[in-house]
1. Quick one: go through the range 64-90 and flag any residue whose amide nitrogen is under 16 Å from the point 7 Å out along the Cα-to-Cβ line of Phe55.
2. Rank the residues Thr70, Thr46 as a footprinting-exposure proxy: fewest other Cβ atoms within 10 Å of their Cβ go first.
3. For every other residue with a beta carbon closer than 9 angstrom to the beta carbon of Leu86, add +1 if it is Lys or Arg and -1 if Asp or Glu, then tell me the sum.
Amino acid sequence: MMHNLLQQAAGHAMAIGPAVLVHGMQLKRPIDVVREPSLSVDDKRTILAAWASDFYAVESKPALRQVPGTLEPVSIDEVQSALKELDRRYGI
């Protein structure tokens with residue numbers, strides 16, 4: 001019983017995780033996350049890593065990702081480019 005509750009909680013956290021961090025922000029593209037001054041580097045990486053995950057893959061279009069709260073899907077390549085830019089900017 002407890003194991004099922006933990007699995008459900010983890011699933012819900014994954015589903016809303018990035019949406020909570022970006023609530024109220026105008027983040028339309030992955031590069032917007034990199035440019036957002038109010039987010040810490042760790043938050044930016046968390047958002048982009050979640051955005052890149054298969055959890056947000058568009059059904060029948062595995063090369064596209066869509067996080068709740070964004071207007072349209074973006075390519076996985078665009079998300080990975082934003083992660084590389086984040087690393088470049090912060091010397092990671």
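Coordinate-derived values only; no laboratory data. None of these values were measured; they are calculated from a predicted model. Here the Cβ positions follow ideal geometry from the backbone for every residue, glycine too, while neighbour counts run over all protein chains shown.
1. Those under the cut-off are 65-70.
2. Thr46, Thr70
3. Here the charged neighbours net out to +3.
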